[in-house]
Amino acid sequence: MNSSVQTVQIVGEVINVLYSDRNTGFTVADIQPQDSDSKPLPSITIVGNIESPTPGEILRVDGTWDNHPQFGNQLKVVKYKTELPITILGLKNFLLSPLFKGIGKATVNKIVDKFGLETSKILNEEPHRLAEVPGIPKKRIEVLKDTWANHFFLNETMSFLQAFVSSTLAKKIYNVYGLQSEQIIRENPYRLATEIVGIGFPTADRIAAKLGVPSHSPQRISSGVLHVLSEVITSQGHVCCPRSVLVKEAKKILDVDNTYICNIIDTLASDNEIIVDDSDPHAIYIYLPSLYYCEKESARLIKKLVNHSRDIHTLDMETADEWIRNDLSITANEEQRIAACNALKHKAMVLTGGPGTGKTTTVNAIIRLYEETRAKILLAAPTGRAAKRMSETTGYEASTIHRLLEYNPAEGGFMRCHSNPLSCDLLIIDETSMMDIVLTYHLLDALPSSATVIFVGDSDQLPSVGPGNVLSDIINSGIVPVYHLTQIHRQSQESSIVVNAHRINNGQMPICLKHIDVKNRDFFVLEEDNPEVAAQTIKSLITERLPKAYGFNPFSDIQVLSPMYKGHAGVNNLNKVIQESLSPTSKSNEMKRGETTFREGDRVIQLKNNYDKNVFNGDVGTIKHIDTINKKLVVNFDNKNVEYDCANGFSDLDELMLAYAVSIHKSQGSEYPAVIVSLQNEHYMLLQRNLLYTAVTRGKRIVVLVGSKKAIATAINNTKKQIRYTRLCEHLGGRKDHEQSS
């Protein structure tokens, strides 16, 4: 094994604490090891999560060596255990540390001179004997006894925790449970899965097994069922699932008889920890309460909106049509004019259509018509990039939905809601296909009943990353009027991207070229069946060929997309390959997290909503600065600098990944000057028509498909979309085809 990653154990006395964060436990300290003859050896620096390190105490540290470019060799702590001081000097240093407030040098000398090396034993087992030391006030003795007991009880607790988890997670557990940590975990280790960020069911289950919790324990099965429902099911975009599916998925991870699982499902339902919806004769659906509420309330609010009378003055249809034709400086075809005019009479409507069919033109016509009625208009989109594009194409300020609803991290929720609604007469939401059911509920809850809402999007694209299939469900319900634009503009007909997107959506192979330097062409296919060779081809495209042929900036203009993260032509490997060329090791400061190295100048993507930082899942930015001393990293998102604190071990870097390549799902709502799509047979599990269609429609000027002709054909011919268990359509009064039953 490579010595740089081999775990070693060192026992030494803490001689200097260079840095210690009380909140995170992150510590930099010098310890002095001793050899087998107790002779002091040269001091070493340790780095990691250590609770209240104090000069004089002994640490038994398991760790790995790391050669820091600035500070040299350091031992990164994997786990540690505190032991009692073993020398007179160590004892005195320990008792004189800031840990023991109010205990002066004279008092310490009296105690240690009296008991010598037995001092530790006296403090641990016979603290009443401190009264034998003359001249020490009783109150000071009590402070010393309590401080000593609490410190070593704390470290015993940390030692207990580190028998199961890393020192980083141990600190997180201790921050929540304190000195009750051991008792709580022994009583119910599965509380960790729901109460400690970063510990899911698998980790809690491993701890429980070590503690001897039976596999059929109700605690274990309850936690496993809730884990499947909250993590496994929702991560696939489902809002709910048939009872039979829940039992099947739970059995996979619990490996117990179905009877146990079914009994626990009934118990959870009676305790209102899950919701059972048996209103459908085809299946019994199981929900988490929060998602059930969001879906039911979204349906209620849409129906309420549709049935509410119009309160604003509207134009008659003939006048509106005449204005669009002659007075609004907008060139619109008949189906666009019909959609725009009807937006004046509906309380809610859907505007959908593929690329080049004029959704933007229609939206602009709707805005101009509503301006004539002096209506207050708001525009929003799920992502910052989509909102920015909406602003550019309409001339109206658009915001993200989160910003529109005024999310307040301190309050932990949206400030705009039914009791503090938005002030608008018309709300237009772009890229509605990206909205999950939770965001949809909060948006509808903040919309005044008097307002009109227009959902704009392409229903043939991939559904949202989060749970739900909102746009399709609204369309299929039949309760909201839908205007589907189909006619491709003459100007758009000249774009191979637009033409081929529609060909793909109609089940036809794209018409394309194989040489990227052909002028006035914008769609190319480079056939390559070998994923490893394809990865190198993609690297040359982003680093050399496209910049040379078209002048693209490889950092900001070109986006690589792939269906999967794994594989030679998947997102993870492509990021490594591209980074090696665009951001080599010697280029700048760097910071590592797991297998990923981040460097200044790297393109990165946010992986989860972070309301405190005001950055959201899918936001793409550039690393502007890395502070290796204070362990901080600054990312610029659309001219806004966001700081990530990486000193706490359980790093903010978990929220970031490299973004030279991203998944096609993550690219939703974004457009890029140039798009390179990796499509290989190794991606066969995800090859679907709507996936390829979504990828192609991300490109504005150039799209290059790199991969197997067979993979492209497989994607185009696979029209079976992944099943999403949602009930919004039914709650709205519509009915979907049932593909599975319970």
Those residues of the range 400-423 that are over 21 Å from the mean Cα position of the chain (by Cα) and not aliphatic (A, V, I, L, M) come to a total of 7
Per the filter on the range 146-165, residues polar (S, T, N, Q), out of contact with any strand residue (DSSP E or B) (no Cβ under 6 Å at 6 or more places or on another chain) and buried (at least 19 other Cβ atoms within 10 Å of the Cβ) are 157
**Request:** For the range 631-645, indicate whether the set of residues that are under 26 Å from residue 464 (Cβ atoms), touching a strand residue (DSSP E or B) at 6+ places or on another chain (Cβ under 6 Å), free of Cβ contacts under 8 Å to residues at least 40 places away in the same chain and not in a strand (DSSP E or B) is non-empty.
**Result:** no
Within the range 266-323, residues closer than 30 Å to residue 376 by Cα and among the hydrophobic types (A, V, I, L, M, F, W, C) come out as 294, 299, 301, 302, 305, 306, 312, 315, 317, 320, 323
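Okay, residues lined up against (1) part of a loop (DSSP other than H, G, I, E, B); (2) β-branched (Val, Ile, Thr):
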| site | (1), (2) |
| --- | --- |
| 428 | no, yes |
| 433 | no, no |
| 447 | yes, no |
| 461 | yes, no |
| 465 | yes, yes |
Checking 62, 30 in turn, the sole residue that is within 19 Å of residue 171 (Cβ to Cβ), open to solvent by less than 40 Å² (accessible area, probe 1.4 Å), modelled with pLDDT of 85 or more and not small (Gly, Ala, Ser) turns out to be 62
If we take the range 331-400, then helices (runs of 4 or more DSSP H) inside it with 2 or more residues that are charged (D, E, K, R), open to solvent by 10 Å² or more (accessible area, probe 1.4 Å) and within 30 Å of residue 692 (Cβ to Cβ) are 384-394
Here the qualifying pairs (Cβ atoms under 6 Å; residues six or more apart or on different chains; first in the range 270-299 and open to solvent by 40 Å² or more (accessible area, probe 1.4 Å); second in a loop (DSSP other than H, G, I, E, B) and among the charged types (D, E, K, R)) come out as 284/278
Are any of the residues in the range 338-360 under 26 Å from residue 437 (Cα atoms) and hydroxyl-bearing (Ser, Thr, Tyr)? yes
Original post:
Just a yes or no: is a residue in the range 436-444 without any contact (Cβ under 8 Å) to a residue 40 or more places away in the chain, among the hydroxyl-bearing types (Ser, Thr, Tyr) and part of a helix (DSSP H, G or I)?
Top reply: no
Over the range 657-708, the set of residues over 17 Å from residue 575 (Cα atoms), open to solvent by 10 Å² or more (accessible area, probe 1.4 Å) and within 22 Å of the chain's Cα centre (by Cα) is 671, 686
Flagged in the range 270-304 as closer than 19 Å to residue 232 by Cα and either more than 29 Å from the chain's Cα centre (by Cα) or among the aromatic types (Phe, Trp, Tyr) (or both), in numbering order, are 284, 285, 287, 292
Flagged in the range 557-607 as touching a strand residue (DSSP E or B) at 6+ places or on another chain (Cβ under 9 Å), without any contact (Cβ under 8 Å) to a residue 60 or more places away in the chain and part of a loop (DSSP other than H, G, I, E, B), in numbering order, are 583, 584, 588, 589, 600, 601, 602, 607
* Any residue at all in the range 79-94 that is modelled with pLDDT of 85 or more, touching a Leu at 6+ places or on another chain (Cβ under 9 Å) and β-branched (Val, Ile, Thr)? -> yes
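Matching residues to (1) closer than 19 Å to residue 561 by Cα; (2) among the hydroxyl-bearing types (Ser, Thr, Tyr):
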position	(1), (2)
597	no, yes
603	yes, no
607	yes, no
611	no, yes
617	yes, no
622	yes, yes
Considering residues that are among the β-branched types (Val, Ile, Thr) and closer than 29 Å to residue 703 by Cβ, the number found within the range 355-398 is 8
When restricted to 143, 225, 133, 239, the only residue surrounded by fewer than 21 Cβ atoms within 10 Å (Cβ to Cβ) and in contact with a helix residue (DSSP H, G or I) (Cβ under 8 Å, 6 or more places away or on another chain) is 133
Scanning the range 36-74 for residues that are among the hydrophobic types (A, V, I, L, M, F, W, C) and either farther than 12 Å from residue 11 by Cα or touching a helix residue (DSSP H, G or I) at 6+ places or on another chain (Cβ under 9 Å) (or both) gives 47, 50, 58, 65, 71
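The values are calculated or read from the model by the stated rules, or taken from the named source; none is laboratory data. None of the values given here were measured: they were computed from a predicted structure. As a convention, Cβ positions derive from the backbone with ideal geometry for all residues, glycine included, and neighbour counts pool all protein chains shown. Heavy atoms of the whole protein, side chains included, go into the accessibility calculation; ligands, DNA and RNA do not. Shrake-Rupley method; radii C 1.70, N 1.55, O 1.52, S 1.80 Å.
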